[in-house]
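All remarks here apply to the structure that follows.
The values are calculated or read from the model by the stated rules, or taken from the named source; none is laboratory data. Keep in mind that what you see is a predicted model, and the values were worked out from it rather than measured. Every residue, glycine as well, gets a Cβ built from its backbone with ideal geometry; the counts of neighbours run over all protein chains shown. Surface accessibility is based on the protein's heavy atoms, side chains included, excluding ligands, DNA and RNA. Shrake-Rupley method; radii C 1.70, N 1.55, O 1.52, S 1.80 Å.
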Amino acid sequence: MKKLDIDQLTRSGVIYFNSKLEMLEDLHCKMYRMDTLVSLSTHFHDYFQIWYVSKGEFLHTLGTRQYRITKGDLFLVPPYTMHRIQAFENEKIEILGCEFMPSFINERFDDSSRDQTFFDTNYLKHFLRSDCSHHSQIVFDGVTDGKIRNLLQDMLSEYEGRAPFFQIVLKANLLQLLSIIIRQVNGELVKAGFQKNERYRDTMNKVVEYIDQNAHEDIKLEHICAISNMSKPTICRLFKEWTGKTFNRYLVDLRIANALVLLQRPSLSVTEVCYATGFNELAYFCRIFKKYTGISPNQFRKQAMNK
């Protein structure tokens, strides 16, 4: 939202809460507990806001949609989102609140001139959609609810205690909190992914077991296709999803790991280790080994023998 838009809105009576006034100068995250709640007319802020309700209820309105927020509910409001709160008279309330700037997750969010396609964007992109309904009222199962409540309580304790390195712990807990929320609001996607994993579990376990047992052989991708009865594009995609590595990377990593073990046996020459682990060319083996470890196979052997 541009500065001009903020000026226009505030002149029309909309309240703007600014992080520079609401947060500590050197900490772009704020934790608090509320045991009283007053109604707030339409307002917005330049930070993310998370409220978890551990006692009581109230009405929360975003745009034209109104939500009755009750005990156990959590909502997340992205920056510059218009919303309002309607409290109930004499309602006993307890709210655990967390407010943070995107820069608390990663300082690169502050630099609009740079490419913001980096891993930490995954923590926030799910909440920056135009439709806020999926995170405007979140209800958790009993176990997850306990995790959420404990995380927020730990974050509040860290924030208030100001122990050494509390900022690191606070950020780590916030990332965990966001991860749990992301899974909750993407429940159907998580369920579909789980079902897909179960569908291919036996096949992928068989493929990985075959590679582990035959890494010393001249394994080709065609062998894996035959074992799995899948095409190359399909098995490559599933293998990366299953192991976190491509087929070639997994095989080389495994061969290097096996070489580290065999090099500690004085009875085997470096050449013998090369071929015993599935590398068919000594020069290539030495080059890859040094790339992984920073030293040659002979240097590694000497260091291992001198321990």
Over the stretch 201-307, what portion of Cα pair distances is larger than 22 Å, expressed as a whole percent?
36
Under the definition of Cα pairs under 8 Å and six or more residues apart, what whole-number percent is the relative contact order of the stretch 6-84?
30
Heavy-atom accessible area of ASP218 with all protein chains present, probe 1.4 Å, nearest 10 Å²?
80
Scan the stretch 223-307 for GluC sites (Glu not before Pro) in coil per DSSP, keeping those whose Cβ has at most 11 other Cβ atoms within 10 Å, and list them by number.
GLU281
Per residue, how much accessible surface does the chain expose to a 1.4 Å probe? Answer in Å², no decimals.
58
Coordinate range along principal axes, alpha carbons of the chain, Å, largest first
82, 44, 39
Per-residue accessible area for LYS290 at 1.4 Å probe radius, Å² rounded to 10?
110
Probe 1.4 Å, all protein chains in place: accessible area of THR81 in Å², nearest 10?
20
Neighbourhood net charge (12 Å Cβ-Cβ; Lys/Arg +1, Asp/Glu -1) for ILE180
+1
